[in-house]
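Working notes, beginning with the structure itself.
FYI, it's all coordinate maths here, none of it is from the lab. On a predicted model such as this, the values are computed, not experimentally measured, just so you know. Note that each Cβ is placed from the backbone with ideal geometry, even for glycine, and that neighbours are counted across all protein chains shown.
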Amino acid sequence: MTVPVLEVDRLVVDVLVEGEPRTVLHEVSLSLGEGEALGLVGESGSGKSMTARAVARLLPPGARTSGTIRYGGHDVRTLKGGALRDYRGDVALVFQDPRAHVNPVRRIGDFMTEALRTLHGVDKHTAAKRAAAALADVGIADGERRLEQYPHELSGGLLQRVVIATMLLTEPKLLLADEPTTALDVTTQAEVMAILDELRQERGMALLFITHDLDLAGAVCDRTAVMYAGQIVETRESAKLHEDPLHPYTAALVTARPAVDRAVDRLAAIPGRSVSAFEAPDGCPFAPRCPHAVDACHQERPPAEYVDGGLVRCIRADELRGRLAEEVAFHD
Amino acid sequence: MTEEPVLRVTGLRREFGGVVAVDGVDFEIPRGGSLAIVGESGSGKSTVANMVVGLCAPTAGTITACGRDRSRPARSAKERRLRGREVQIVFQDPYASLDPRHCAEQTLDEVLRLHRADDGKQQRQARVAELGDLVGLDARQMRARPRALSGGQRQRIAIARALAAEPEVIILDESVAALDVLVQAQVLNLLADIRERTGVSYLLISHDLGVVRQITDETVVMRRGRIIERGPTADVLAHPRQPYTQVLRDSVPHAGWKPTRALRALTEGAQPS
Amino acid sequence: MTIAASVLDGVRTRRRRVAGNTVVVWVCAAIVGLALLLAVFGPALAPHDPDAADLTYANVGPVAGHPLGFDSQGRDLLSRLLAGARTSMAGPALVVVLAMAGGTVLAVVSAWAGRWIDATLSAVMDVLFAFPAVLLAVLAAAVFGPGLTAPTLVLALAYTPYVARVLRGAALRERAQPYIAACEVQGLSAFTICLRHLVPNIAPMMAAQGTLLFGYAMVDFAAISFMGLGVQPPTSDWGVMVSTGQPGVLQGYPAESLTAGLCIVVVVVAVNLLGERLSQRSEGR
Amino acid sequence: MTAVAVRPAGHRSGRATGVARFVARRLVMLVATLFTSSFVIFGALYLAPGDAVSTLSGSRTLSPQAVAALREQYHLDDPFLARYFQWLGDTLLHGDLGTSITYREDVSSVIAARMGVTFQLVLYAALIIVVVGVGLGLLSGLRGGVVDTSILVVTTVFAAVPSFVAATVLLSAFAVGLGWFPAVGTGEGLAGTLWHLTLPAVALALASLAIVSRITRVAVRTELGREHVQTAISRGIPYPALVRRHVLRNASIPVTTVVGITIASLFGMSAVVEQTFGLGGLGSALVEASLARDVAVVQGVALVFVTAFVVVNTLVDVAYAVLDPRVKAGSRAS
């Protein structure tokens, strides 16, 4: 692997819930190489979005962090003033709901060119030209007309492409995408993902792609990290997650999803519900729902260990390997 | 000629201020059957669901459930109750589907009092407990306010409420779309069990082909207010005849899938608007 | 200072402020409770006859047994303030009850029926909205003569569209919730659904609106009495007292006007803060 | 509902017609409202108990000739609707609002003589509300900390002070006590007028200023917390530009609405303040006429006030349409 662009090491985040500090991320570690795409997959409340917000320095007020988030030799958590602005220039974000993230009372053109004109001193005319060209890159042909429109005049899919084009205008080195296609129709999702993937590879950007969909992450990411209850339980090459998962939770995610090509008698549904980090019991947070849990699983948090080039937090990872592979194979 | 279908829809049409949202929709569901209406936003699938359940009136066309016409708004209280015993619905959003001030027991009791006026308090209590059992909720959850429950638990209450009137058809309007994948699997299994045990029919409204494949026998595909393809679910998904259906299927992420830009272009070309 | 830092600052003090806020709410509730008690028992609690004038004591300051002194007619000021609590609050309370009742019915009917009924009612509300409440009350007083009945009815009428507008929004939001649709699908009647589900769920909003409205009503009512068009002297009433104390103000004896004014302000501040809190809670559900 | 798939693609010209249509609609509503208001104001006279002559005469005993004159002047022998249109015609075409029985002159000249003071007073108060109210709200919303808390406490109290209480306190402290300002009268020349109207304008503005300040604060805070502002932060937009382009621009929409409605409602309250400070404006005329049951004057002044109120409200709605691009013809977005 190349030199990491972004390196998160044992990140712990507490946020205020009804005035009380609650742990939402527990010792999250990940690294992202130059031009690499990493998927971060989990259910709601797993902490995947909080990880992105911590990296983007957009944690909610009152949040406390420990551990490090390293970018370009500095800890992102302590950046200030010009250094913070430079960092923000390098990192671009795309969120789930484009409508909430674009100022509704300003024109698309204002939104697209704001950073260029304010931070890079590009003149109005040039900025508009570049914005129109960027729109063409994401498959929006009549860019000049779009620049004159307001956000409410565009559909969700179109607006999300505008956001992506805008983020790419400033040539960031790292793109954080938090469920960018969840609100879109499947055919639109396929298109937006294709655009995102294509442009990212063209420009050699690193991507942290957050989603609840294991398959979607697998489609555009080299590696995928699976989160449960505020920790990363498994990080592995995307392709291998489906065939040879290391963590029982990953296997559960794979088998619970109904397939398009055939129906099963019963889906492999594990009981209980997913918990947040602060609700998790001692020991492995997944242990209460895990079909493979033994007494030792309830004792202490499993450390992250390397297995077959992947990183997994399960004390039984080695002995379960074959069995989990069978489970998912039976499903597929 | 087989048995009369439990739900029959013919020539259904709905306009909203001159915009045609649904046009010429026909389908029927046999007793105990399960039909999916598949489509993307704007396809008109939710409007069809709302018309069948009686939340909006068709501009034209007929809807017959259990042999009785329900194309026009109900005129009497009795008629409304009768229709309530024919078709019920489970909505998408588990957080807004329940009155925040009522626990599951109160919600179910209200329905039972309406539909089983002759039952005494004890009979109703027994039936509430039975329904709770059926959807897998314990006594504590049955007495909890919705805000204290998870999305999956709330959706179970919504299913129990739909079952309380013992309808012949339940419309599942994206009922599992808002649930996380593990909870979704639990609820899908529950829905399969319920159909087996009660013989109820499903009309599933969904954009999720995996879900459609799992719990329906027949599928119709809607686009821009019209049905463009229909058939047994397995056939439609395995061998789509329409390019749009094919695109829809190929857009679903799966292991080894790669998104491509060409998909949209193909659909635009295949069916110019 | 960066914006994130400024937002953070706000939040660091939030926990302290949460505790402080609770105290404020309790103090406000206590004040409102006390005011309501005074409205009921005030006249009985007055240590002296509020209407007994003795011009030899005109504008005399506090003396033993008369902690606030006397007004320009030589009447005991404390007794007049206590006795005035009832007239100052009974009228506004009635206004609130009437306007809330009318507004709620209009809002629910409008939101439930939709279509042309909603459009018509909304248009009528918009036109009614064109009348400033006080102006309408003055108009009524000019026609019917001064007194309490006309201002009460007219203020209630003037506030109704305001209540209806706010509650219509809330009712429409609630109407669009799937749980209401589920009730319809079951076959429950519209009346039952509104009574058992819709109205209870907008009740927090109604409580908040009613409380805030009481504050407005008190101010407007006092203003009408102040102008001489509502409660008539010598009846003791806070608004009237601010008015009858005016000559005293110009002569350097502002006690009557200022104490009565203070009573109004204290009650209205407490009511407003309470209403604001209720309204925040009703929105943060 | 999932009915609408494709939005009409509008751009500059589309938006302009949208706004134009909205304004046209509001103008129609304005006329309708004024029409209805005038009807109510006119009809109120006949709602009164007793016959119209006694209401019009303020229950004074009149000679038969005076009664006949009154019947003649108010067309009391015509049907009700005919009277209304007659009255409306006189008002609109000839500015003839009848004769005041207390002032013994034309109502229109009573109004003309007194209008200046009231409009000056309201304008002055409006200025104070905009400058001080919005200013304090911005300060409070953007700064936070002690500044915010202090402003919040002060505005909480001010918002509960009725204008007549404010007037009394100001009069007592600054006119009678300190002697910095005159207690009564309107003064000569611009400086004199300003000097005389300062206390009344502050009294009139006080509660509204506090409300505007609090609304501004909330609007600023709300906008600061919006996701699109977070996006702008994450793109590294400097704080001043962020506040100007995103926070203030967006907050201006609700603030404009509230400022406008507040200013419109000042007309009603001007009566109280004019009375306290002995200003001979429309408001005090209204109160005096009401007390004397001089119906013609009450009707005339009420008509002026309602017109001002409705016109200001219409302007607010138009400003809203211009400020918020989401306004579609005929409806308020949001």
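Structure values in brief
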read-out: Per-residue mean of C-beta atoms belonging to partner chains within 10 Å, peptide C:217-228; value: 5
read-out: Reachable lysines from B:Lys121, criterion Cα separation under 25 angstrom, eight or more residues apart if same chain; value: B:Lys78
read-out: Crossing angle, helix B:104-115 versus chain B [Cα axis fit, 0-90 degrees, rounded to tens]; value: 90 degrees
read-out: From phi via Karplus (6.51, -1.76, 1.60), per-residue ³J(HN,Hα) for the stretch D:87-102 in Hz, x at Gly/Pro; value: 5, 4, x, 4, 5, 6, 7, 10, x, 9, 10, x, 10, 7, 7, 8
read-out: Low-density loop positions, GluC sites (Glu not before Pro), the stretch A:278-332 - DSSP coil, at most 14 other Cβ in 10 Å; value: A:Glu300
read-out: DSSP beta bridge pairing in the protein assembly as shown, given as percent antiparallel to the nearest 5; value: 60 percent
read-out: Longest segment of chain D lacking GluC sites (Glu not before Pro) that sit in a DSSP loop with at most 13 other Cβ atoms within 10 Å; value: D:189-334
read-out: Calculated [θ] (222 nm, deg cm²/dmol) that DSSP helices of n ≥ 4 give over the protein assembly as shown, each run adding -39,500 (n - 2.57); value: -18000 deg cm²/dmol
read-out: Euclidean distance of C-alpha centroids, the stretch D:111-126 and the stretch B:1-42, integer Å; value: 66 Å
read-out: Among C:His197, C:Pro146, C:Pro161 the positive-end extreme of the charge dipole of the stretch C:107-230 (Cβ point charges); value: C:His197
read-out: Neighbour cut-off at most 11 other Cβ (10 Å), DSSP loop, GluC sites (Glu not before Pro), the stretch A:1-102; value: A:Glu18
read-out: Degrees, to the nearest 10: A:186-203 long Cα axis against longest axis of chain A; value: 80 degrees
read-out: Cα centroid separation - the stretch C:184-211 against the stretch D:243-259, whole Å; value: 34 Å
read-out: Cα-based helix-to-principal-axis angle, C:199-226 vs chain C, degrees rounded to 10; value: 30 degrees
read-out: Karplus 3J(HN,Hα) series, Hz, for the stretch D:319-325 with 6.51 cos²θ - 1.76 cosθ + 1.60 (x for Gly, Pro); value: 4, 4, 5, 6, 6, 10, x
read-out: Exercise: per-residue mean of other protein chain Cβ atoms within 10 Å, B:244-251; value: 3
read-out: Given charges at beta-carbon only (K, R positive; D, E negative), |dipole| of the stretch D:84-243 in Debye; value: 700 debye
read-out: Calculated from backbone phi, Karplus (6.51, -1.76, 1.60) coupling profile of the stretch A:252-268 in Hz, x at Gly/Pro; value: 5, 4, 5, 7, 6, 6, x, 8, 6, 8, 6, 9, 10, 4, 9, 6, 6
read-out: Cut-off under 5 Å, modelled amide H: who pairs with B:Ala21 long-range; value: B:Arg14, B:Glu15, B:Phe16
read-out: Shape call, the stretch D:114-333: gyration tensor on alpha carbons, a/c limit 1.5; value: oblate
read-out: Extent along principal axes [Cα atoms of the stretch B:7-239; Å; largest to smallest]; value: 48, 43, 32
read-out: Loop sites in the stretch D:119-223: chymotrypsin sites (Phe, Trp or Tyr not before Pro), DSSP, at most 11 other Cβ within 10 Å; value: D:Trp180
read-out: Sequence-distant residues sharing a close amide H with C:His48 (under 5 Å, placed H); value: C:Ser79
read-out: Which of A:Thr118, B:Thr107 has the fewest Cβ neighbours within 10 Å, and the rest in rising order; value: A:Thr118, B:Thr107
read-out: Computed magnitude of the charge dipole of chain B (debye, nearest 20; Cβ of K, R +1, Cβ of D, E -1); value: 660 debye
read-out: Shielding by partners, peptide A:103-110 (average Cβ within 10 angstrom, other chains); value: 5
read-out: With at most 15 neighbouring Cβ atoms within 10 Å, loop trypsin sites (Lys or Arg not before Pro) (DSSP) excluded, longest segment of chain D; value: D:105-331
read-out: Sequence-distant residues sharing a close amide H with A:Arg223 (under 5 Å, placed H); value: A:Ala37, A:Gly39, A:Ser238
read-out: Beta bridges per DSSP with both ends in chain A, % antiparallel, nearest 5; value: 60 percent
read-out: Residues D:Met115 and D:Val153, FRET efficiency given R0 of 41 Å [Cβ-Cβ distance, rounded to 0.05]; value: 0.60
read-out: Gyration tensor verdict on the stretch D:187-243 (Cα atoms; rounded if a/c is under 1.5, prolate if a/b is larger than b/c, oblate otherwise); value: oblate
read-out: Equivalent ellipsoid dimensions for the protein assembly as shown as semi-axes, Å, which come from the Cα gyration tensor, largest first; value: 62, 36, 31
read-out: Theoretical FRET efficiency, 1/(1+(r/R0)^6), r = Cβ-Cβ of A:Arg321 and A:Asp295, R0 22 Å, to 0.05; value: 0.60
